[in-house]
Amino acid sequence: MWSISLSSGVAILDRVGNFVLTNKAWSRFAPENAADGAENFGVGLNYLEVCSSSSGVGSEIAKDIQVGLAEVLSGIRERFSFEYPCPSPTDSRWFLLQANRLDSATGGAVVLHNDITARKLLESRLQEQEERFRVPLEHSPVVVFNHDRDLRYTWINSPVLAWADQAIWGGLIQRLSVHQRVRH
C-alpha cells in the first residue's frame, strides 16, 4: 500500500478517470466539507462521473473540471489547471486543481488539490487597495507619478495637465522638466 504524505490532496486516476490511489488529505476533504462521505471521492469511483453528476451551486465548475480532466486523460492536453471557489459551511475558500498526464503505457493522471485561499484573499485586498487609491487620484488636481531607477516615468496621473500622457512614459524626469518650462 502506498502512502502519499502531503498537505495537498493528491489522487492518481487511471486512463478513464477512476480513482486508483488517494492520499489522506484527499480522503479527508469530502467528509470535512459537507459531502455525503469519503465514498464520494474514494478509490474505485470515477472522477469524471462525480463531476458530471454534480448539481447545485458548483455544478458549472464541476463541468469545467470534467472537460479539462477528460482532455488530460485522453492525451489532448499534457496538463490542466483550474482555480475555483469552494466555500465550506464555515469559510470562503479557493482551490487550485492541477492535473498532469502520466507518461506511461497505461495512461492516467496525477491530480493535486491545493488550498490557495491565502493568495486569493491577498489578491482581493490588493484590488480593494488599488481601487481605494485609484478613484481619488483620478479626480485629483495633483500630479502623481512613479519612476524607475533610471528616472524614467513608469506611471503618471495628471488629469489637469494635457501633456502628461502615455507619450512621455519612459522619458527622463529632466526632459519633462525642460518640456514644462518651455511651455510656460
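The values are calculated or read from the model by the stated rules, or taken from the named source; none is laboratory data. As the structure is a computational prediction, the values presented were derived from the model and not from experiment. Virtual Cβ from ideal backbone geometry, glycine too; neighbours counted across all protein chains shown.
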Residues of the range 45-77 being in a loop (DSSP other than H, G, I, E, B) and modelled with pLDDT of 85 or more, which ones? Leu45, Ser53, Gly75, Ile76, Arg77
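Take Asn114 and tell me if it is modelled with pLDDT of 95 or more, of a type outside the set (A, V, I, L, M, F, W, C) and closer than 21 Å to Lys24 by Cβ.
So Asn114 fails the test.
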Hey, can you tell me all the residues within the range 78-115 that are surrounded by fewer than 16 Cβ atoms within 10 Å (Cβ to Cβ), in contact with a strand residue (DSSP E or B) (Cβ under 8 Å, 6 or more places away or on another chain) and part of a loop (DSSP other than H, G, I, E, B)? Glu78, Ser92
Just the residues that are over 23 Å from Asn23 (Cα atoms) and touching a Phe, Trp or Tyr at 6+ places or on another chain (Cβ under 8 Å), please, taken from the range 62-97. Asp64, Glu71
